[in-house]
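The values are calculated or read from the model by the stated rules, or taken from the named source; none is laboratory data. From a predicted model like this one, the values you see are computed outputs, not experimental measurements. Positions of Cβ are generated from backbone atoms using ideal geometry, with glycine treated the same way; all protein chains shown enter the neighbour counts.
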């Protein structure tokens, strides 16, 4: 089937099998490998992207289901925030993950960042508990979440305790 | 030593010790980082594995015809088809005893499948979807055999798994310096404790599943392998040994690797199959593991039954420890399987000054996924048994858990401490970590609140648990490894090279996968050279770029690899001094290195920057006689001893009597890994490690049915905690340098996990102790806790714990 997606602001038209997962389409067909695959049951959130601005686990969506929609992946996040794609720019959530040491191996990170962006769009001033519950669908094995929570609160401009 | 002391041995106050933000972050935060599955390899074929659905079965026949005829399928290969590809069985590098029994283990099963997930055939196709489709079309005729699932049943040899071995018992390893002294101590004891603990099997769940790409060069003979591995260097040697590829033609690259926790410290069937298929077909061949596949195909951790006994005098001073283990090897011995429980063998008396000691471990085969290293590897198990038993002893003696520990700690003036188990603990001062950890949670107030709730008859019980640990890490002194029959050394290599324009490359034999070596190694070098860490690049994890190394595991990277980096830097400085002295016509001793400049003392105008020295080395126009034209040094460092980090953790839990739910309210950890190169990274390691250990205590277990089927292979059923389940963690530290290395440093990668499981379970038992409950098995699920409370209520008395 032919589908056309707007991916990180660019129109991308492809011929895909109806059963093709969005995450495989992004990674294998469009070369956007920043979005990762960490499980096969929509449990881990490593594949989280934004579809029309809302976080979606792209391993649970068929590419044909998002025909005509706007997709934002980790590669397009900085551009989405700054309006251009200047090299080296980072979105405030990416920047906060950096300054708060919210990543170690980095595999869950793109999905975690996208989930955090979506969370902050829905709730710009979350409490610590809001962040913990809001990120429940994204698993990380390295950080114990401590610094991820701090990063999201920092990005929101909230006070973070030690 | 106190929390305020910070003076890394041999380093000035520069980049060492700073909370430098990580160099690794930008690429990982933007999607630029490349994990194995991200690699775009033109023309690569995809493999999918046909795995046994039976835990124990003879393979009568395999019909590959239908699968081979499917679209895109290029080959379907069985164990028989690939038998000629192997020069040797898969490696077990640790034959722990001379008479250890080990079955031949080939990447694709031949004749018999020995666990659910054992590979019986390989499909090779043009796309990953086509390969997956064709797996279902391979028809395997199995003759199911009686599976051996229960560990104690396996040890009894009711059914022998590997016909040629005659038994399921692989080995028995004993450490018993004076058995009579142990018997005497138990005979003379006022208090004894006898406990049985189960270390459930755990699925490591690195967030990146495994993956491999093998790229052959059929005409040139080279072979490049990308793998999601912790051990590119070891894998290179093992590919050469098992696949009969000349080692000098093999290049192994670990690109970005998404966590390991020991599960990628192995040589896996799929890696060797990729090599064999790529060479057979002459095209790049790749495989990426699925998550549910990972649950059975990647090694699991723990899997032990522990019998733990303590003897103590009237005051609760421990006089002997006796630990007997049965350890689950799974169906085969992977790279380090038999040795894993023995990494804890020396630590069943831990931080306590104990005069008599007996340890024995029997390794047993079962029809389950092989076990191997999982974060802490043997040391969490030892710490768990000991710290649980110390709480049992405290109850027997009638004192607080903190008090029983104070009475038994090795005194600070006894270091270096010659342990009864034969180790020399490098340095330690345990009681300050206990004091500070209790302070962080407000221990006295918590005990008061606990009393209040108990007296009020509240059904939400408060529990406070603690554990003090010491671990041996920094694997490892090669001669000690030889005495343990380990098949390799424990050294690490580093090269430091100042480039002609003055920037620096560091080549390390460690292989980070989240630990941040690119940042911390740069800090070590920057600190010594007096230059900006941004002028330093750390290269690693590619055997063509970093040909010498032993990789990352066992909290070894800093105390072995990082120390090698420091030593190589010092050699570079010495060489720079020689060259600069020649140029400046002064004595070498007159030169001091300040801010990246070699200056003549007292004549600061007479100076050469490191960059100028490097350019002199490069042009070689005017070097002293006998000096090579480069500003490079390579060091291979073999540590003289392990290092022994330690700490005390405290957990506060609330247990709801009506539902059995345990909530982790607070957690504090005070750890000591000596001087910290980057406290931010140390804290990150602790946060993650603590949650991983707490997850063993509360949520995680690989659950098998009687037929050997894994009941919870997906992340829906295998409960890796999310942010919603865990609290913020309070950390502090003390600084007790190790006297055995140039930086004074100790490893910290596993410490959090080692400390946290017993801490959390001790807290739950503490909460429920008024009901007479003395044991809750891991994981302490609501069902299990609720049942324990129900049983305790119905008997109206304690279950007893063997304490007298």
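Structural remarks
- Residue list for the range A:140-157, restricted to those being crowded, with 24+ Cβ neighbours inside 10 Å, more than 7 Å from every other protein chain (Cβ to nearest Cβ) and more than 16 Å from the chain's Cα centre (by Cα): A:150
- Positions within the range B:451-468 being in contact with a helix residue (DSSP H, G or I) (Cβ under 9 Å, 6 or more places away or on another chain) and either surrounded by 20 or more Cβ atoms within 10 Å (Cβ to Cβ) or free of Cβ contacts under 8 Å to residues at least 12 places away in the same chain (or both), in sequence order: B:458, B:461, B:462, B:463, B:464, B:465, B:466, B:467, B:468
- Residue in the range A:132-139 that is closer than 14 Å to residue B:727 by Cβ, at the interface with chain B (Cβ under 7 Å from one of its Cβ atoms) and within 17 Å of the chain's Cα centre (by Cα) present: yes
- Residue in the range B:344-352 that is closer than 28 Å to residue B:430 by Cα and either part of a strand (DSSP E or B) or free of Cβ contacts under 8 Å to residues at least 40 places away in the same chain (or both) present: yes
- Of the helices (runs of 4 or more DSSP H) that lie entirely inside the range B:1-82, those containing 1 or more residues that are within 14 Å of chain A (Cβ to nearest Cβ), buried (at least 19 other Cβ atoms within 10 Å of the Cβ) and modelled with pLDDT of 95 or more span B:25-30.
- Residue in the range B:763-784 that is surrounded by fewer than 19 Cβ atoms within 10 Å (Cβ to Cβ), out of contact with any helix residue (DSSP H, G or I) (no Cβ under 7 Å at 6 or more places or on another chain), at the interface with chain A (Cβ under 10 Å from one of its Cβ atoms) and part of a helix (DSSP H, G or I) present: no
- Selection from the range B:208-240 of residues that are assigned to a strand (DSSP E or B) and farther than 30 Å from residue B:715 by Cα: B:215, B:216, B:223, B:224
- Residue match in the range B:652-663 (condition: in contact with a helix residue (DSSP H, G or I) (Cβ under 8 Å, 6 or more places away or on another chain) and either within 14 Å of chain A (Cβ to nearest Cβ) or closer than 30 Å to residue B:587 by Cα (or both)): no
- Residue check, residue B:280 surrounded by fewer than 24 Cβ atoms within 10 Å (Cβ to Cβ) and more than 30 Å from residue B:125 (Cβ to Cβ): no
- For residue B:254, the test of being within 14 Å of chain A (Cβ to nearest Cβ) and surrounded by 24 or more Cβ atoms within 10 Å (Cβ to Cβ) is passed.
- Any hit, the range A:79-89, residues being surrounded by fewer than 21 Cβ atoms within 10 Å (Cβ to Cβ) and modelled with pLDDT of 95 or more: no
- Residue in the range A:46-54 that is under 22 Å from residue A:121 (Cα atoms), more than 13 Å from every other protein chain (Cβ to nearest Cβ) and crowded, with 16+ Cβ neighbours inside 10 Å present: yes
- Within the range B:501-518, the set of residues being within 14 Å of another protein chain (Cβ to nearest Cβ) and crowded, with 24+ Cβ neighbours inside 10 Å comprises B:511, B:512, B:513, B:514, B:515, B:516, B:517.
- Residue match in the range A:116-130 (condition: facing chain B (nearest Cβ under 7 Å), in contact with a helix residue (DSSP H, G or I) (Cβ under 6 Å, 6 or more places away or on another chain), within 17 Å of residue A:48 (Cα to Cα) and buried (at least 18 other Cβ atoms within 10 Å of the Cβ)): no
- Looking across the range A:21-38 at every residue that is in contact (Cβ under 8 Å) with a residue 40 or more places away in the chain and facing chain B (nearest Cβ under 8 Å), the one that is surrounded by the fewest Cβ atoms within 10 Å (Cβ to Cβ) is identified as A:32.
- Flag for residue B:696 being within 14 Å of another protein chain (Cβ to nearest Cβ), crowded, with 21+ Cβ neighbours inside 10 Å, under 28 Å from residue B:19 (Cβ atoms) and at pLDDT 95 or above: no
- In the range A:5-20, residue nearest to the other protein chains (Cβ to nearest Cβ) [restricted to those that are over 13 Å from residue A:65 (Cβ atoms) and outside any loop (DSSP other than H, G, I, E, B)]: A:7
- Boolean, residue B:727 is over 30 Å from residue B:154 (Cα atoms), modelled with pLDDT of 95 or more, surrounded by fewer than 22 Cβ atoms within 10 Å (Cβ to Cβ) and more than 7 Å from every other protein chain (Cβ to nearest Cβ): no
- Only listed residue being buried (at least 22 other Cβ atoms within 10 Å of the Cβ) and over 25 Å from the mean Cα position of the chain (by Cα), chosen from B:154, B:187, B:206, B:244: B:154
- Restricting the range B:190-199 to residues that are more than 17 Å from the chain's Cα centre (by Cα) and not in a loop (DSSP other than H, G, I, E, B), the residue that is nearest to residue B:303 (Cα to Cα): B:198
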